[in-house]
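Colleague: Before I ask anything, here is the structure I am working with.
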Amino acid sequence: MRITPVLTALCLLLGSGLTGLAAHHKNTIQVFNGKNLEGWSVEGGGQFSVEKGVLKLNRGTGWLRSKDTFNPIKEVRDLRGKSVLLITADAAFDRIMNENFSAALIAAKVGHHIITLEGAHTFPVVQESLPVVLDFVRNQTDQ
């Protein structure tokens, strides 16, 4: 079994679903328009499409990268009043980056939640994070 395409597709589907759930919330930054791949570049050679508002990995492996530049560390003050959830894993390659981002949010007095799960960038960690993310988004949209 090849985990990379499955994990990539799951992350993309999760991301597009969360965009739909939170789109009406005033503090949401919309990164996916639900119609096409406008604003995204395909990395790693995968073939992607949009079907009924959902991002799909049709063939190959790869990922989508936003063409917009958003460096949350440099623009951390712009996140005031927004709902910020950071999920990392204790063995993830970007754990330190997320911890530095959390420290920058604290210094700028931006409220946020950070959750560290056990593991690395693996399918079980993504599965474990799904209910956390969905609950967070649900709670934000209810406010």
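Colleague: Residue 57 passes all but one of (1) under 19 Å from residue 30 (Cβ atoms); (2) in the same structural domain as residue 30 (by TED's automatic domain parsing); (3) surrounded by 14 or more Cβ atoms within 10 Å (Cβ to Cβ); which number fails?
Modeller: (1) is the only condition that residue 57 fails.
Colleague: Restricting to segment 77-90, count the residues that are part of a loop (DSSP other than H, G, I, E, B) and touching a helix residue (DSSP H, G or I) at 6+ places or on another chain (Cβ under 9 Å).
Modeller: Quick first cut of segment 77-90, residues part of a loop (DSSP other than H, G, I, E, B) only: 80-84, 90.
This time we only want the ones that are touching a helix residue (DSSP H, G or I) at 6+ places or on another chain (Cβ under 9 Å), so: 83-84.
Adding up the residues that qualify gives 2.
Colleague: While we're looking at this one, here's another question. If residue 106 passes every condition in (1) under 20 Å from residue 75 (Cα atoms); (2) at pLDDT below 90 but one, which one does it miss?
Modeller: The single condition residue 106 does not satisfy is (2).
Colleague: Please work out if residue 119 is on the phi > 0 side of the Ramachandran plot and not assigned by TED's automatic domain parsing to the domain that holds residue 37. Walk me through how you get there before you give the answer.
Modeller: Numbers: on the phi > 0 side of the Ramachandran plot: yes; not assigned by TED's automatic domain parsing to the domain that holds residue 37: yes.
Taking the combined requirement at face value, the residue satisfies it.
Colleague: For the structure I just gave you, tell me whether residue 82 is among the charged types (D, E, K, R) and in contact (Cβ under 8 Å) with a residue 40 or more places away in the chain. Full working, then the answer.
Modeller: Numbers: among the charged types (D, E, K, R): yes; in contact (Cβ under 8 Å) with a residue 40 or more places away in the chain: yes.
Yes; evaluated as a whole, the condition is true for this residue.
Colleague: Out of 141, 88, report the one residue that is modelled with pLDDT under 90, more than 20 Å from residue 30 (Cβ to Cβ) and not assigned by TED's automatic domain parsing to the domain that holds residue 30. Steps first, please.
Modeller: On the way: 141 fails: more than 20 Å from residue 30 (Cβ to Cβ).
Being modelled with pLDDT under 90, more than 20 Å from residue 30 (Cβ to Cβ) and not assigned by TED's automatic domain parsing to the domain that holds residue 30 holds for just one of 141, 88, which is 88.
Colleague: Any residue in segment 23-35 that is modelled with pLDDT of 75 or more and part of a helix (DSSP H, G or I)?
Modeller: Keep residues of segment 23-35 that are modelled with pLDDT of 75 or more, which gives 31-35.
Then keep just the ones that are part of a helix (DSSP H, G or I); that gives none.
The answer is no, given that none of the residues of segment 23-35 is modelled with pLDDT of 75 or more and part of a helix (DSSP H, G or I).
Colleague: Counting just the residues of segment 99-140 that are in a strand (DSSP E or B) and not aliphatic (A, V, I, L, M), which one comes out nearest to residue 80 (Cα to Cα)? Reasoning before the result, please.
Modeller: Of all residues in segment 99-140, those in a strand (DSSP E or B) come to 113-117.
Now drop any that are not not aliphatic (A, V, I, L, M), which leaves 113, 116.
Numbers: 113: 13, 116: 22 Å.
Among those residues, the one meeting the criterion is 113.
The values are calculated or read from the model by the stated rules, or taken from the named source; none is laboratory data. Quick caveat, the model's predicted, so the values are computed rather than measured. Glycine gets a Cβ as well: all are built from the backbone with ideal geometry, and neighbour counts include every protein chain shown.
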